[in-house]
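See structure below.
The values are calculated or read from the model by the stated rules, or taken from the named source; none is laboratory data. Everything numeric here is computed off the predicted structure, so don't read it as measured data. Note: ideal-geometry Cβ built from the backbone for every residue, glycine included; neighbour counts use all protein chains shown. Accessible surface is based on the protein model in full, side chains and every heavy atom, while ligands, DNA and RNA are left aside. Shrake-Rupley method; radii C 1.70, N 1.55, O 1.52, S 1.80 Å.
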Amino acid sequence: MKELQARGYVFEKVIWDLLEEAGYVSVTTGLLEGRGARHQIDAYGTLKIPTAFTYPIRLLAEAKCYNGTAGLETIRNFLALLNSSQTTTITTA
């Protein structure tokens, strides 16, 4: 395992802990069935505070650990994943 990969796993755990502290439940990782492809999600959770007249609020997070800034391709890939997730469901790995 490379150092940046190990840092990425630690960062994912930090994101999970932050989501749980913020009131999200069932925080885990999983696969998102998108339009024509499966996407791996680093962390997602559903807000435990009930929201009237809406679907449950869920938050998706993609953790990256780079020495520099994330590139445009990384941001575009995550935005495509979010767009795809609006019409699909998440299954746990």
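Within the stretch 12-30, is even one residue acidic (Asp, Glu), in contact (Cβ under 8 Å) with a residue 40 or more places away in the chain and more than 15 Å from ALA80 (Cβ to Cβ)?
yes
Could you pull out the residue among LEU47, LEU60 that is at pLDDT 80 or above, open to solvent by less than 90 Å² (accessible area, probe 1.4 Å) and either at positive phi or more than 13 Å from the chain's Cα centre (by Cα) (or both)?
LEU47
Could you name every one of the strands (runs of 3 or more DSSP E) located completely within the stretch 17-67 that has at least 1 residues being out of contact with any helix residue (DSSP H, G or I) (no Cβ under 7 Å at 6 or more places or on another chain) and among the hydroxyl-bearing types (Ser, Thr, Tyr)?
Counting at least 1 such residues, we get 24-33, 38-47.
Would you be able to say whether some residue in the stretch 72-79 is under 10 Å from the mean Cα position of the chain (by Cα) and outside any strand (DSSP E or B)?
Yes; the residues of the stretch 72-79 include at least one that is under 10 Å from the mean Cα position of the chain (by Cα) and outside any strand (DSSP E or B).
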